[in-house]
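The values are calculated or read from the model by the stated rules, or taken from the named source; none is laboratory data. Everything numeric here is computed off the predicted structure, so don't read it as measured data. Reconstructed Cβ throughout: ideal geometry from the backbone, glycine too, with neighbour counts over all protein chains shown.
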Amino acid sequence: MSPTDSPEMNFRDDSENNIQIPNGIVLRDNLTNVNIPPDTSTGYGTYLISWIASYTLLRNNVEIFALRNQQQQSIEGPNEFEYNTIEV
């Protein structure tokens, strides 16, 4: 990633292929308390994030983890965090 690129959050399957944002997933900007709309120009959905903001990732309104601005992003959550989806 070059210094001018925006950081992003996306979702991948077990084979490291990008997948659609799973149902019920929302990324919230903690400063404005507004849900961030995903960028769907890639065809699968990506959240574009900023290094200066803090975010909370929610699944069905339950916090999964947070990205807190501390002059750098740090992921907070349970050890061995993993999220799997099942396609129906």
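What is the residue count in the range 25-54 for residues that are assigned to a strand (DSSP E or B) and more than 13 Å from Pro7 (Cα to Cα)?
The qualifying residues number 7.
Among the residues of the range 39-55, count how many are free of Cβ contacts under 8 Å to residues at least 40 places away in the same chain and over 9 Å from the mean Cα position of the chain (by Cα).
Summing the residues that are free of Cβ contacts under 8 Å to residues at least 40 places away in the same chain and over 9 Å from the mean Cα position of the chain (by Cα) in the range 39-55 gives 10.
Are any residues in the range 10-55 under 14 Å from Asn69 (Cβ atoms) and acidic (Asp, Glu), and if so, which ones?
Once the filter is applied, which keeps residues that are under 14 Å from Asn69 (Cβ atoms) and acidic (Asp, Glu), the range 10-55 yields only Asp29.
Looking at this structure, is Glu80 at positive phi and either assigned to a loop (DSSP other than H, G, I, E, B) or at pLDDT below 90 (or both)?
Spelling it out, Glu80 is indeed at positive phi and either assigned to a loop (DSSP other than H, G, I, E, B) or at pLDDT below 90 (or both).
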